[in-house]
Amino acid sequence: MLKIGEFSVLSQISIHMLRHYDEIGLLIPEHVDDFTGYRYYSECQLPIANKIQALKSMGLGLDLIKEILAKYTGNDQLKDYLELHAVEQREKIANLQKQLNLIETTIANLGHVSDIPLYPGFSKT
């Protein structure tokens, strides 16, 4: 068993965040001492901690990470979910790129015309 500080160092998750993860049920210590309240983690919980860190770095929120870890227990299931998430992110990027292009075109045109240019689908009222 690892004390919370030891687990924190190995998992690279702060003690504060480990306590928070415990509170929200994301990463529950394997044992909590009834008398002292000290939290103890198992080395076998390190891969879960690593998975949490990886999903967090992908921009996923803790509630969603908790749901993912509960729902997608196998790597194949997680891979399928992440592939779908990647498609959704690519679509968001494409939409943002279209918006950015429109903004840049508008900025460029504002120097040459007196009004914001009209684009298909928009009408001047």
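Going Cα to Cα from Lys92, which lysines come in below 26 Å? Please leave out same-chain ones fewer than 8 positions away. Within the straight-line limit of under 26 Å, Lys92 reaches these lysines: Lys51, Lys56, Lys66, Lys71, Lys79.
Net length available on complete extension from Leu10 to Leu102 is 28.4 nm, with 0.36 nm assigned per residue and the Cα-Cα distance removed. Under the convention that each Lys and Arg Cβ holds +1 and each Asp and Glu Cβ holds -1, the size of the dipole of the chain around its Cα centre is about 400 debye. Phi angles of the range 77-83 translate, via the Karplus equation with coefficients 6.51, -1.76, 1.60 and θ = phi - 60°, into HN-Hα couplings of 5, 5, 4, 4, 4, 5, 5 Hz per residue; Gly and Pro are given as x.
Measuring nothing but how far apart in sequence close Cα pairs (under 8 Å, 6+ apart) lie, relative to its length, the chain scores a relative contact order of 17 percent.
Can you give the angle from 0 to 90° between the axis of helix 62-71 and the longest principal axis of the chain, with both taken from C-alpha atoms, to the nearest 10? Approximately 70 degrees, to the nearest 10. For the range 1-56, the equivalent ellipsoid derived from the alpha-carbon gyration tensor has semi-axes of 17, 12, 10 Å in decreasing order.
So for the chain, Kirkwood radius off the Cα pairs, Stokes-Einstein at 37 °C and 0.692 mPa s: how many µm² s⁻¹? Once the numbers are plugged in, D ends up at 180 µm²/s. In the chain, taking the dipole from charged Cβ atoms about the Cα centre, the farthest positive-side position among Ala108, Leu60, Ile4 is held by Ala108.
Mean residue ellipticity, 222 nm, helices only, the chain: the sum of -39500 (n - 2.57) across DSSP H runs of n ≥ 4, divided by residue count and rounded to 500, is -20000 deg cm²/dmol. Rolling a 1.4 angstrom probe over the protein heavy atoms with all chains in place gives the chain an accessible area of 73 Å² per residue.
When the solvent-accessible area of the chain is split by element, carbon and sulfur atoms take up 57 percent of it, the probe being 1.4 Å.
The values are calculated or read from the model by the stated rules, or taken from the named source; none is laboratory data. Source: prediction; values computed, not measured. When we count neighbours, we look across all protein chains shown, and the Cβ atoms used for this are built from the backbone with ideal geometry, even at glycine. For the accessible areas, the whole protein counts, side chains as well, though only heavy atoms, and no ligand, DNA or RNA atoms are used. Shrake-Rupley method; radii C 1.70, N 1.55, O 1.52, S 1.80 Å.
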